[in-house]
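The values are calculated or read from the model by the stated rules, or taken from the named source; none is laboratory data. Computed from a predicted model, the values in this text were never measured in an experiment. Here the Cβ is made from the backbone with ideal geometry for all residues, glycine too, and neighbour counts use every protein chain on show. With ligands, DNA and RNA removed, areas are computed over all heavy atoms of the protein, side chains included. Shrake-Rupley method; radii C 1.70, N 1.55, O 1.52, S 1.80 Å.
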Amino acid sequence: MLHNLLKQKNPYYSNLSENGQKKFEQRVLEFIQTKNFVGRQDLVITDEIRILISAAAVQLTFGLNNFLITNLHTINVFPQIFFSKMYNLSFKGLTTRDGVLSLSWDDFKQGYANSTDKLNLGLHELAHALNIDLDERKKHDTHFSTHLKNWKKLAIIDFHKLKAGKNPFLRSYGSTNLYEFFAVCIEHFFELPIEFKKTLPNLYRQTALLLNQDPTNVTEDYLIKKESPFFRPSEEEMRLLTDGKRNPNESPDLIPDNKFQHLIRHKGVYAAMAITVCGFIGIPILFWFSSVTVISVGTILILLFGCGVLGLLQWNYVKEHIDMAYHQFTMYAFVGFGVSLMNIILLLNYSVTISSYTKTYSLSRKGFYNQITLKGEKRNSPLERVVNNYNEHPEDALLAKEVSIRFDKGLLGFDIVRECIFE
């Protein structure tokens, strides 16, 4: 079944020699074993789905020693175009940095049904996964990581030509950013290799060296003939590769991330989860602040909601830089960011004193537990709640007729009860 299916549905496999096909089949089976294929929207995962998606991955990495794209662990397969709550958009394919690839099965099949339209969803998304695998510093292929820097240095020239509309061969979608440019190049590299090689020889050469294969060499299992004059870099290419300065054609948005940007981009989801955990831990601290601050429960809830909304406003930034599901982000916004910000607000109010004053109240008691009530205050007022919480010597309060309370007005205008003297 494996051989016949690949022969029918994967032209790349069909052009391989018998030994090349055996190597390809072995890699497909190993790739299947290392990935979790999940059917979405009632799609049943079949052997055909597993084999053909894995074959696309093996096709992409056939020239590399490490072909498993280690960071990728789950492949979600939808019957058609699907909606992502994370981005609030519909997609044919989506690859995230947490090792999840999602794609439309109909569009995947169409990519291989027409092998000359420069559209191949499977290769496009797996190209993203291969790039992410390197970014995440997993067990990526050393050949790929070594040549990717050179590919970027030289590809930027063609990237800018595409952005300026001066590169009609490549799909305009590749001008979105360098990541999409790479994925679009991969589609063209496998779908129209002869035209690619003729139209953009420098870019084709670097892509072939990067993937360690030459799709135009169909008679020798796509082997790169490095002794060929074509694969010798031009003087201009050598100058760009050996020059330590940044390529003058490189725009600011293509400058590599600094350490902080890299941390946010690749570890931001862990930081957000840590803030969420700290938010949970901070709930008892929030209760303590409310026990010494003259603030109503309603005001606390309104402030918490406001802080949570401020957290939600970060979504546009987060979805561009961090792969986080929306339900995770919502929990981070309200429980993590919201509670943490609320504690910071109350801490500032508690720590910074604007003024101080003392006020005396007559006491009375109510209920089975002899709860303190203050004459002149509304029943169950925030001040009564704080005084009852502050009552360190119940026996003194039980006999007292008055209480002198020393207040500090905090930075944000909320009173802090500093001392209660029962007389």
> Among all residue pairs at least 6 apart or on different chains, which show Cβ distances below 8 Å where the first residue, located in the range 287-306, is under 12 Å from Y350 (Cβ atoms) and the second is open to solvent by 40 Å² or more (accessible area, probe 1.4 Å) and of a type in the set (S, T, Y)?
Replying inline: F289/Y350; S291/Y390; V292/Y350; V292/Y390; T293/Y350
> Is it fair to say K166 is in contact (Cβ under 8 Å) with a residue 40 or more places away in the chain, in contact with a His (Cβ under 9 Å, 6 or more places away or on another chain) and assigned to a loop (DSSP other than H, G, I, E, B)?
Replying inline: no
> Taking the condition of a type in the set (V, I, T), more than 30 Å from R406 (Cβ to Cβ) and either modelled with pLDDT of 75 or more or assigned to a helix (DSSP H, G or I) (or both), does I264 pass?
Replying inline: yes
> Can you spot a residue in the range 100-122 that is open to solvent by 50 Å² or more (accessible area, probe 1.4 Å), of a type in the set (A, V, I, L, M), within 18 Å of T176 (Cβ to Cβ) and at pLDDT 90 or above?
Replying inline: yes
> Do the conditions hold for L412, that is, is it closer than 19 Å to F305 by Cβ, at pLDDT 80 or above and open to solvent by 80 Å² or more (accessible area, probe 1.4 Å)?
Replying inline: yes
> Within the range 10-41, which residues are of a type in the set (K, R), open to solvent by 80 Å² or more (accessible area, probe 1.4 Å) and in contact (Cβ under 8 Å) with a residue 40 or more places away in the chain?
Replying inline: R40
> Looking at the range 218-228, is at least one residue open to solvent by less than 10 Å² (accessible area, probe 1.4 Å), without any contact (Cβ under 8 Å) to a residue 40 or more places away in the chain and of a type in the set (G, A, S)?
Replying inline: no
> How many residues does the range 176-199 hold that are buried (at least 23 other Cβ atoms within 10 Å of the Cβ) and more than 29 Å from the chain's Cα centre (by Cα)?
Replying inline: 1
>> Tell me yes or no: at least one residue of the range 319-333 is surrounded by 18 or more Cβ atoms within 10 Å (Cβ to Cβ), modelled with pLDDT under 80 and in contact with an Asp or Glu (Cβ under 6 Å, 6 or more places away or on another chain).
In response: yes
> Looking at the range 42-86, which of the residues that are exposed (fewer than 14 other Cβ atoms within 10 Å of the Cβ) and part of a loop (DSSP other than H, G, I, E, B) is farthest from the chain's Cα centre (by Cα)?
Replying inline: T46
